Amino acid sequence: MAINPLMRAVLNALSYRKTDVKMNYHIDRIINSVMHPSFKLRYKVWDRKIMAGGYELPVRAFTPKHLRTQEVILFFHGGGWVSGNIESYTKTCADLAEQTGRRVLSVDYRRAPEYPFPRAAEDCYLIARELFLHSTPTETAGNRIILMGDSAGGNLAAAVSLMAADRKEFRIKKQILLYPSTFNDHSETSPFPSIIENGKGFLLTSKRLCAYQDLYIQNKADLCNPYFAPLMSDHLEHQPKTLIVTAEYDPLRDEGEAYGEKLRKFGNYVLIHRMKDALHGFFSLPLPFTQVKQCYRWINEFLDGVNENEQ
């Protein structure tokens, strides 16, 4: 069903934060952590650090009670490249492991503004490279690793896939992008209607998107870099099989779908689903929510190859 007037009023109130993200990004991180508390002790998890590019990056692994396959999901969290971390995504990744029957490895890449673009993308690439080439710490063959991320994490997953195709060090077979950021303009000049239609009053605002982008991109020349804005790439051949899920009331909806369509034009296998009546970030909601259940159906069908003859 559509969002009712009472819910719309609540969303408007929640969407209006007086905090200036660019000036007080550390406060935004605290708010993000409070909104996504960690329940680490309830799940079978383990933490370690992987050496990547001379730096030890924290990772958290989640093992389901019933392991269906040796495939591993390498997960990159959202948060506008600024706010999220593996703590705030512990519940989401634990649910992901249980619902897919696969081990999940969550990466705590370095965040902006302390580490601006391309640091987060390079961190994620280096972790993927380590796993694909050396099969640690998951002890699984590299060709069984699936990239996945939501929001800014979806952006990073797409960037890693582009890097892998360009650098030819390893090959990614599948990626899952949940409401990803794929373009370089989230202001009123954006060519995508969803930025205007959903840019106010739906939790994630266009103003907040612009603030996150300004914290992440500190060199304007990087705005057209495909590793920041994958939709800007004109070399999308040999990309992995891709599942893209967008949300109806999300300012990022149209650019995520546009990226899927462009991948198709380059001959890639792509499934695009728009979640009806959903907001940006819905995947982190509790499992009983209808949209979360449907999203897991799409994810498992994609992972199991159920609809490989459809696009």
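The values are calculated or read from the model by the stated rules, or taken from the named source; none is laboratory data. Source: prediction; values computed, not measured. With ideal geometry, Cβ positions are generated from the backbone for all residues, glycine too; neighbour counts draw on all protein chains shown.
Below, the figures for the structure above:
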quantity	calculated
Cross-chain or 6+ apart pairs with Cβ under 6 Å, the range 95-106 first and more than 15 Å from Ala128 (Cα to Cα), then surrounded by fewer than 24 Cβ atoms within 10 Å (Cβ to Cβ) and basic (Lys, Arg)	Gly101/Arg68
Any hit, the range 57-70, residues being assigned to a helix (DSSP H, G or I) and surrounded by fewer than 24 Cβ atoms within 10 Å (Cβ to Cβ)	no
Members of the range 148-194 found to be on the phi > 0 side of the Ramachandran plot and either in contact with an Asp or Glu (Cβ under 7 Å, 6 or more places away or on another chain) or without any contact (Cβ under 8 Å) to a residue 12 or more places away in the chain (or both), listed by number	Lys168, Tyr179
Candidates Gly256, Gly260, Gly281 - the one that is modelled with pLDDT under 95 and under 23 Å from Ala121 (Cα atoms)	Gly281
Residue satisfying condition, being closer than 21 Å to Gly260 by Cβ and at pLDDT 95 or above, within set Ala112, Ala157, Ala120	Ala157
Single match in Leu105, Leu41 (criterion: at pLDDT below 90 and outside any loop (DSSP other than H, G, I, E, B))	Leu41
Any hit, the range 243-259, residues being in contact with a strand residue (DSSP E or B) (Cβ under 8 Å, 6 or more places away or on another chain), part of a loop (DSSP other than H, G, I, E, B) and of a type outside the set (Gly, Ala, Ser)	yes
Failed item in (1) of a type outside the set (D, E, K, R); (2) modelled with pLDDT of 95 or more; (3) in contact with a helix residue (DSSP H, G or I) (Cβ under 8 Å, 6 or more places away or on another chain), with Ile145 passing the rest	(2)
Within the range 71-93, tally of residues that are surrounded by fewer than 20 Cβ atoms within 10 Å (Cβ to Cβ) and assigned to a strand (DSSP E or B)	0
Candidate set: the range 223-242, residues that are assigned to a helix (DSSP H, G or I) and among the aliphatic types (A, V, I, L, M); chosen: the one nearest to Phe302 (Cα to Cα)	Leu231
